[in-house]
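Only one structure is covered here, and it is reproduced in the block below.
Every read-out reported here was derived from the displayed coordinates using simple, explicitly stated rules and does not represent laboratory data. Worth saying up front: this structure is predicted, and the values here are computed from it rather than measured. Every residue, glycine among them, receives a Cβ derived from its backbone with ideal geometry; neighbour counts consider all protein chains shown.
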Amino acid sequence: MLHRSEPLGEAHAAVSDRWGGVSTGPHAELNLADHVGDDPQHVAENRGRLASVLGLAPGSVAFMTQVHGCEVAVVDGPPTPGRPLPQADALVTRAQGVALAVLVADCVPVLLAGPSPAGPVVAAAHAGRRGVALGVVAATVETMAVLGARPDRVSALVGPAVCAQCYEVPAAMAQEFLASVPSARATSRTGTPALDLPAAVTAQLHTAGVGDVAVDPTCTAQDPSLYSHRRDAVTGRFAGVVWTAG
């Protein structure tokens, strides 16, 4: 159920895998996304199981409707049933009793935590190709700073994502992307143009002033314990979750 779980500054971070849930077919087993064609009851059960394993209260995990942009939403408390999810690609909070989640299946999950005068600030960001180009990483760190977290005291976990060797893209797409994100330059295992999104995210975090950055080297396309849209097309989503410890 858990790919990894560890302290992150004054908070805690975890990344799920695809096992230990009730979903079936291409979404088996622990799909946490409600937008990929899975049974909504299965998704709800899977989310409850994950919260329980993480020691979190039922319904305390905040999700978002991810749109491959750079919008950042500030969460002021636990999710309210029936309330529309924010359309954003990053969540930031200083509230107690709430965890933030990002859903991925090749894109980069970025989990962050840093102290502030009013208590720890945590964030979860969805960094896909478009989001990286639009600056979602910098926007997330900036929002954390607005809430009182100094970037140089923020810790970040760059979670598992598709690796550069597996992320082959058309030459024109690579050229356009690299014009604004040169740190993503890479070559696939067959020698064709590729993008290294984890490297780009790491570089953007450092540019934003974040010095403490851990990178999970796992490639989603190569690891069958994780969902991968590039590998399987129709599939589920795993999650990166961050919350204040204690």
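A few comments on the model shown:
- DSSP beta bridges in the chain [antiparallel fraction, %, rounded to 5]: 75
- Within the chain, 70, 107, 166 have no other Cys Cβ under 4.7 Å of their Cβ and so lack a disulfide-compatible partner by this rule.
- Structure-based [θ]222 nm, the chain - -39500 (n - 2.57) summed over DSSP H runs of at least 4, per residue, nearest 500: -6500 deg cm²/dmol
- Check: segment 2-241 dipole with +1 on Lys, Arg Cβ and -1 on Asp, Glu Cβ, in debye: 140
- Put a plus charge on the Cβ of each Lys and Arg, a minus charge on the Cβ of each Asp and Glu, and nothing anywhere else: the dipole of segment 158-246 about its Cα centre is then about 120 debye.
- Across segment 2-241, C-alpha contacts under 8 Å between residues 6 or more apart give a mean separation that, scaled by the residue count, equals a relative contact order of 22 percent.
- Options (i) 21.5; (ii) 17.7; (iii) 19.3 - which one matches Kirkwood radius over Cα pairs in Å as calculated here: (ii)
- From the alpha carbon centroid of segment 149-192 to that of segment 1-56 is 26 Å.
- Prolate/oblate/rounded label for segment 18-86 (Cα gyration tensor, a/c 1.5): oblate
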